[in-house]
Amino acid sequence: MRKGQYRFVAGFLFVPVALYLIFVIWPYIQTFGYSLTDWKGQSQTFSFVGLDNYKALFQDDVFLEAIWHNILFLIFIPVITILLALFFAFMLNAGGRSRAGGVQGVAGSKFYKIVYFFPQVLSLAILAVLFNAVYRSDGGGLLNGALIKVGLVDAGNPVEWLNEPNVVLWALMVAVIWQGVGFYLVLFSAAMQSIPKDIYEAALIDGASRNQSFFRITLPLLWDTVQTAWVYLGIVAMDMFVLVSSMTQSMGAYGGGPDHHSDVMATVMMRNFLYYGKSGYACAMGVVMLLLTLILSVVTLRATRRERIEF
């Protein structure tokens, strides 16, 4: 029976494991191999250069600046998105009080969940088009138009949100956070449904405020979900290619404007791979991105690890 069980399990695992090795692991191995060469992308001939690409990589000011931009995204996008999603999820699930004195969501919470989730159904391309319209600098953009109406911006000198070196990163962050909050709100709301209302009602009887209920009950019981959300948002922050290349594409090849002030590792890599023809050099960037993402995931899981709370 046991031998038959092993064969049965192995039979089901063989095809997916083989596909994973062929289409995931093997390309990683190929990328590392190409990163040790001077491959130009279209040429079938290339020479082995060892670690020269990696040495040049850490002397490349544009790539080092792009790493710093990814770090900024990594700090602010997960923190702000998770805080907003937790706040809204708590208010929609346990922020109200019933007539009988029990705990429930605020009025209209089901409708608000749909409204908050709506941005998540938009593709990144549509998101880029939408926020390009919001940030338009010709006075017709939604944001500049509103600021002009209230007198905070001169109509003859509107703010160029995507062309200001000190503003462009924050403008991109707003777009990512706006889209992501709804998904994580639904994720946290689903996790909150498993928390018995009796716990909140007992805390309410003991005189606990909403803040105390959130920090003493909700957050500890949702910690595993928060940890998962942090890893996913960290991976989003380490990528950002589609949004940066779409929203800042008029600033240069594959975005990154103005003057590389919005570049991330992915845009620098694609520019070198497709525009400059430095494919081996770009593969080295890809390997560094992979290693940084793996390190980020491990560090995040270790740093946020804590004992599971049972109820």
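The values are calculated or read from the model by the stated rules, or taken from the named source; none is laboratory data. The structure displayed is predicted, hence computed values, not measured ones. Cβ placement follows ideal geometry from the backbone for every residue including glycine, while neighbour counts extend to all protein chains displayed. Surface accessibility is based on the protein's heavy atoms, side chains included, excluding ligands, DNA and RNA. Shrake-Rupley method; radii C 1.70, N 1.55, O 1.52, S 1.80 Å.
Given the structure, is residue 206 open to solvent by 60 Å² or more (accessible area, probe 1.4 Å) and more than 30 Å from residue 296 (Cα to Cα)?
Against the criterion (open to solvent by 60 Å² or more (accessible area, probe 1.4 Å) and more than 30 Å from residue 296 (Cα to Cα)), residue 206 qualifies.
Checking the conditions here, which among 11, 4, 33 is among the small types (Gly, Ala, Ser), at pLDDT 90 or above and either open to solvent by 60 Å² or more (accessible area, probe 1.4 Å) or in a helix (DSSP H, G or I) (or both)?
After ruling out the rest, the residue left standing is 33.
Is it the case, given these coordinates, that residue 38 is modelled with pLDDT of 85 or more, surrounded by 11 or more Cβ atoms within 10 Å (Cβ to Cβ), charged (D, E, K, R) and in contact with a helix residue (DSSP H, G or I) (Cβ under 6 Å, 6 or more places away or on another chain)?
Criteria met by residue 38.
Within the range 161-193, take every residue that is in a loop (DSSP other than H, G, I, E, B) and open to solvent by 70 Å² or more (accessible area, probe 1.4 Å) and give me the one that is modelled with the lowest pLDDT.
Step by step, filter the range 161-193, then rank; the result is 193.
Specify the residue that is farthest from residue 280 (Cα to Cα); the eligible residues are those in the range 36-62 that are part of a helix (DSSP H, G or I) and out of contact with any Asp or Glu (no Cβ under 9 Å at 6 or more places or on another chain).
61
Pull up the range 96-106, narrow it to residues that are part of a loop (DSSP other than H, G, I, E, B) and either over 16 Å from residue 86 (Cβ atoms) or in contact with a His (Cβ under 9 Å, 6 or more places away or on another chain) (or both), then point me to the one that is modelled with the lowest pLDDT.
101
Considering only residues of the range 209-238 that are free of Cβ contacts under 8 Å to residues at least 40 places away in the same chain and more than 30 Å from residue 263 (Cβ to Cβ), which is surrounded by the most Cβ atoms within 10 Å (Cβ to Cβ)?
If we take residues in the range 209-238 being free of Cβ contacts under 8 Å to residues at least 40 places away in the same chain and more than 30 Å from residue 263 (Cβ to Cβ), then 217 is surrounded by the most Cβ atoms within 10 Å (Cβ to Cβ).
Taking into account only those residues within the range 107-136 that are part of a helix (DSSP H, G or I) and among the polar types (S, T, N, Q), which is nearest to residue 91 (Cα to Cα)?
Ranking the candidates gives 109 first.
Across the range 280-311, what is the total count of residues that are at pLDDT 80 or above, open to solvent by 80 Å² or more (accessible area, probe 1.4 Å) and over 23 Å from residue 82 (Cα atoms)?
Number of matching residues: 1.
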